[in-house]
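Inspection log for the structure reproduced underneath, given as C-alpha cells.
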Amino acid sequence: MLNHQLNLRKPLAIFDLETTGISVVKDRIVEISIAKANIDGTITVKTRRVNPEMKIPLEASLVHGIYDEDVKDEPTFRQIAKSMAQFLEGCDLAGFNSNRFDVPILVEEFLRNDVDFDVKNRRLIDAQRIFHLMEPRNLTAAYKFYCQKDLEGAHSAEADTLATLEVLNAQVKRYEGVKIKDHNGEEIEPVKNDMDALHAITAAKMVDFAQRMTFNKDGIEVINFGKHAGKPVLQVLKEEPSYYDWIMKGDFPLDTKRKLTEIRLRGFKK
C-alpha cells in the first residue's frame, strides 16, 4: 500500500494530464491520473484514458505515446465528468506546473461539460514553483552547481561573462558522452564539445529571437502564438494576406518583422 507523510487537513489530489496540446480553449484531455493523498496517510490512485472527440496531433502523441487508436473506445470526458468531480470533492489540488497548465485545462473541461467544479476553496499547490523557488535556475546557482564556487560581483557584465564561460566549459566536461532518452524513447548524446551540436540543443528551433515563429518537427517555419499557432508561416501568409501587414504595423520586434519578410519573399518567389 502506498503511504505519504504530508500533514493534511483535507485530502490532497495530486494529478497530471496528458492532452491533445497546450491550448486551454482548444485542446482536450486524453489521460488523467490522480493520486489522492488521504488524511490517514494512505494514497488512492486512479488513472483513466479519455476519448477527446478530436484527432490527437502527431506531435502530441510523440510526447505522451497516446494515439487515436488508443482512446477511440474510451469514455468521453462528459461521461466521466461527474464521477471525476465526486472523486475530487473536498480535495486540495497539486501537480507539477499544475497552476499554469493542468488546473486550467481541467477546470475548462468541467465547465465545458456543465459540471460545477469550483477551485475557490481549494488550496492549489504547484511542486514546480517550490522547485524553482528553492533551487534557483540563474547564473549564480549554475556557477555554484557546476563550478562549486560562489559568484563574486554577480550582475556586473564581466563577472557574469567569465562565469558563463566557466559554466559552459564545466557543462561540456560533465555531460559529454552522457546518454539520455529523447521523446521517442531512443538514447541520444545531446551534449558534445562541438558548437554545432550545442546550437542544435539550445537554439536550432528558433526562427526569430522573440520566438513568434519556430520550426516544427519537419523543419518548416510555423507561427508560435495566437489563432494561427502551429500553422506554417507561408500557409498563413497565403490564406490571410492581411496577416503580414498586421505584423509589420504591430508592436513586434524588428527582428521578427525581418524574418517574416524573408520567409514571405522566399516563399512567393517559388
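Where a number appears in this text, it was derived from the coordinates with a stated rule and is not lab data. Bear in mind the structure is a predicted one, so any value in this text is a computation, not a measurement. Reconstructed Cβ throughout: ideal geometry from the backbone, glycine too, with neighbour counts over all protein chains shown.
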Next item on the list: Please go through the range 38-80 and pick out each residue that is surrounded by fewer than 13 Cβ atoms within 10 Å (Cβ to Cβ) and basic (Lys, Arg).
Entry: Lys55, Lys72
Note to self: Of everything in the range 9-37, what is buried (at least 16 other Cβ atoms within 10 Å of the Cβ), in contact with a strand residue (DSSP E or B) (Cβ under 8 Å, 6 or more places away or on another chain) and either in a loop (DSSP other than H, G, I, E, B) or at positive phi (or both)? Give them in sequence order.
What the structure shows: Pro11, Thr20, Asp27, Arg28
Margin query: Going residue by residue through the range 107-123, is there one that turns out to be out of contact with any helix residue (DSSP H, G or I) (no Cβ under 8 Å at 6 or more places or on another chain), under 18 Å from Ile29 (Cβ atoms) and surrounded by 14 or more Cβ atoms within 10 Å (Cβ to Cβ)?
Written below: yes
